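Below: one structure, written as structure tokens.
Every number here is computed from the coordinates shown, using simple stated rules; none is lab data. These figures come from a predicted structure and were not determined experimentally. Don't worry about glycine lacking a Cβ; one is built from the backbone with ideal geometry, like all the others, and counts go over all protein chains shown.
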Amino acid sequence: MPGMREHWEERTRTPLLALAVAFGVAYAVPIVAPGADPWVHRLCTQVEWVVWAVFALDYLVRLAIAPARWAFVRSHPLDLLAVVLPMVQPLRLLRVVSTLLLVGRRARMAPQITLTTYVAGAVVGLMMFGSLAVLHVERDAPDGNIKTLGDAVWWSFTTMTTVGYGDHAPTTGLGRVLAVGLMLSGIALLGVVTANIAAWFIARFERDDAAERRQTELLEALTLEVRELRAEVARLSAPPPAQAASELPPPPAQAASELSPPPVQAASELSSPTAPTA
């Protein structure tokens, strides 16, 4: 079962991400071009439902092939919420939120997507969908001041970065709900970015420390090897023991015996009479 699940996720990852892009286009076209033909709006709505249905089917398949289904449900609560919400209340905004949750879940499981890529994609996606959603909600509001896509993008940027200039702000209840969600998402993403930068610096310092430790170990090993080589050179340059012994000076007693005649010979030489001279 785990092998089937990994095989399924690997085979469906690219098609689902392509469908996510199609969902973004289908959601953006009616908002950016509200005066388009009615069939364009109907087509975009159908594409949104189809994409959400495909992601919901993907969740059900992964649930069916999971070795422990109840544990899978408990470990994927946002996926279940994203599947159930549009069926309970078929609002367009809920379809957007649900599809974004499902797309984000599948993107996090992709091994080739690093944390930096995921965070960058999340920032761009939240800014785009937040701008489109608030423009869709606030454009026809009587007291609304977000009337163009540029205003919506500017508002999304200042809201996500928690700057909040105040020149543009939602006036409807749903627009303020979107603002709260965008603020919380921006704070969370900024925290992830800060933690990622801090982790990068820590990893860099650890790599530098590890390199310095390796250099120190190499120097110590080289010093030990030089010391051993010096000892070996000194041992090889020393003379052999026999040659050293032959080259040593004779003992004092032997030297004295070599210099003085034997005692008997000396006594005989003293006691022998000298021949008379003629």
Given 16-24, 199-207, the highest-first ranking by average Cβ count within 10 Å works out to 16-24, 199-207
Neighbours of T216 by Cβ distance under 13 Å: Lys/Arg at +1, Asp/Glu at -1, summed charge -3
Charge tally for neighbours of N145 with beta carbon under 13 Å away, counting Lys, Arg as +1 and Asp, Glu as -1, is -3
Extension length gain for A210 and N145 (0.36 nm per residue less Cα distance), in nm, is 17.8 nm
Karplus ³J(HN,Hα) for the stretch 8-13 (6.51 cos²θ - 1.76 cosθ + 1.60, θ = phi - 60°; Hz, whole; x = Gly/Pro) runs 5, 5, 5, 6, 9, 5
W200 neighbourhood, Cβ < 12 Å, K/R = +1, D/E = -1, net charge +1
